[in-house]
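Each remark here refers to the structure printed beneath this line.
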Amino acid sequence: MLLETSPFSFAHNQGTSSLWQHQLNLLLDSTGEGIFGIDLDGHCVFINRAGASLLGWEAADVLGQNMHELTHHSHADGSHYPDTECPIFNAFRQGLACRIDTEVFWRKDRSCFAVEYSSYPIIDGDEVRGAVITFVDITARRQAAQDLQRANASLARANDELELRVGARTRELSAALGQLRELSAYSETIREEERTRIAREVHDELGSLLVALKMDVNWMDKRLAEQEQRNSLEAQSMRDRLRGKCQSMSRQIENAVVNVGRIITDLRPSILDHQGLWAALEWQAHEFAQSAELSLDWSMVGTEHIELPENLAMAVFRIFQEMLSNVARHARATHILVNVEVSHDALNLLVRDNGCGAPAEAFEAATAYGVMGMRERARHHGGRLSITSQIGQGSLFQLRIPLQQAYCGHGT
């Protein structure tokens, strides 16, 4: 911005009318900003009341003084500020306007204040006659900025501390979750071991006892039959009653043997131990389809010569059982598709039914313990269980478990 000279530009301009001079004074004194003008020597030629007050002087005492020596002679740290570097003087020396908010002005009492000032050259034709400077005290603004900066720094530190605390807490929770999962896996291992032990004891002790008892009852029935022809009618009646009782006991023992076998299978399917996971999955699928009266579409590929460690095989089998159990309890399906596929790097197990389906949130409910158990078993072995279902369109369960070198071996 360049200011052209006017009849009221300088106090010594003899052509200035008293009317314009009065209007100029009113204009200058009506603003709260400090305003002063300097000539080519840097001497003050006018200053308004606000400017003089900010500097701690009377206006009459400032006129004619070198403004750099009066109020701009030093930096904020007290070091000397030569006028050759002063942006105010450059306004008339080099014709450069400026706006500065990083310096200080000095008061009459030798104290300083943060200032924002603008300096613009005054042009008369092609010649620079001086400069006009406006300035304001920005101490409060600077203090507010510093307070804000400190507040932001404090907030940043608080945020950093909070992030550290949250991070530490997150790590603690992650560690606790890891321990809980390890405990869950350990508990599941113990449970399976206990099931195996109970199944073997039931088979070895109770099963054998029932079979022996049935043989004894059959022997008694046979001996009684041999005596039928040799005794009286009264004795014959008693023997008939005893034979009926033996035959009833025999049937009950047979039922007990069947139930014991079912309990043993539920606890620990012997086919899993004797023929492996793949045979156990196929047996379970056909057994389920038969008992639930469903049609079954079964396929299994890539399982030749692939053996899984016992804990992983048991986890896959239990997840498969829970998938089928879910179909039985909720699906009301008439057909089920099961696909088992093993590649060099993963086991994929898919179960699809044509039942009633369910909304997605049903599988995320806090009471969906079966789904949570399946997912936790899969997660423990680095796998993932995904469920897709829509009302009226059935459900799809997909299990994928990566098979690292440590997880699978090749039989012969």
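The values are calculated or read from the model by the stated rules, or taken from the named source; none is laboratory data. For clarity, every value in this text was computed on a predicted model and none was experimentally measured. Virtual Cβ from ideal backbone geometry, glycine too; neighbours counted across all protein chains shown.
Looking at region 359-385, which of its residues are more than 12 Å from residue 315 (Cα to Cα) and over 21 Å from the mean Cα position of the chain (by Cα)?
Of everything in region 359-385, those that are more than 12 Å from residue 315 (Cα to Cα) and over 21 Å from the mean Cα position of the chain (by Cα) turn out to be 359, 362, 367, 368, 369, 370, 371.
Given the criteria assigned by TED's automatic domain parsing to the domain that holds residue 35 and assigned to a helix (DSSP H, G or I), does residue 148 qualify?
no
Quick one: which residue in 322, 304 is under 30 Å from residue 404 (Cα atoms) and not in a helix (DSSP H, G or I)?
Among 322, 304, only 304 is under 30 Å from residue 404 (Cα atoms) and not in a helix (DSSP H, G or I).
Spot the failing condition for residue 120; the list is (1) assigned by TED's automatic domain parsing to the domain that holds residue 75; (2) under 53 Å from the mean Cα position of the chain (by Cα); (3) farther than 17 Å from residue 56 by Cβ, and only one is missed.
(2)
Looking only at region 39-54, decide whether some residue is among the aromatic types (Phe, Trp, Tyr), in contact with a Gly (Cβ under 9 Å, 6 or more places away or on another chain) and either in a loop (DSSP other than H, G, I, E, B) or closer than 25 Å to residue 128 by Cβ (or both).
For region 39-54, residues among the aromatic types (Phe, Trp, Tyr), in contact with a Gly (Cβ under 9 Å, 6 or more places away or on another chain) and either in a loop (DSSP other than H, G, I, E, B) or closer than 25 Å to residue 128 by Cβ (or both): present.
Do we find that residue 204 is at pLDDT 70 or above and among the charged types (D, E, K, R) in this structure?
In short, no.
When you go through 391, 387 one by one, which is the residue that is within 21 Å of residue 294 (Cβ to Cβ) and either loosely packed, with under 14 Cβ neighbours inside 10 Å or modelled with pLDDT under 90 (or both)?
So the residue among 391, 387 that is within 21 Å of residue 294 (Cβ to Cβ) and either loosely packed, with under 14 Cβ neighbours inside 10 Å or modelled with pLDDT under 90 (or both) is 391.
What pairs come up if the first residue lies in region 350-366 and is within 14 Å of residue 334 (Cα to Cα), the second is buried (at least 20 other Cβ atoms within 10 Å of the Cβ) and of a type in the set (Ser, Thr, Tyr), and their beta carbons are under 7 Å apart, counting only those six or more places apart or on different chains?
353/395; 355/395; 357/389; 357/395
With the checklist (1) within 26 Å of residue 404 (Cα to Cα); (2) in the same structural domain as residue 390 (by TED's automatic domain parsing) in hand, flag the one item residue 271 doesn't pass.
With respect to (1) within 26 Å of residue 404 (Cα to Cα); (2) in the same structural domain as residue 390 (by TED's automatic domain parsing), residue 271 is out only on (2).
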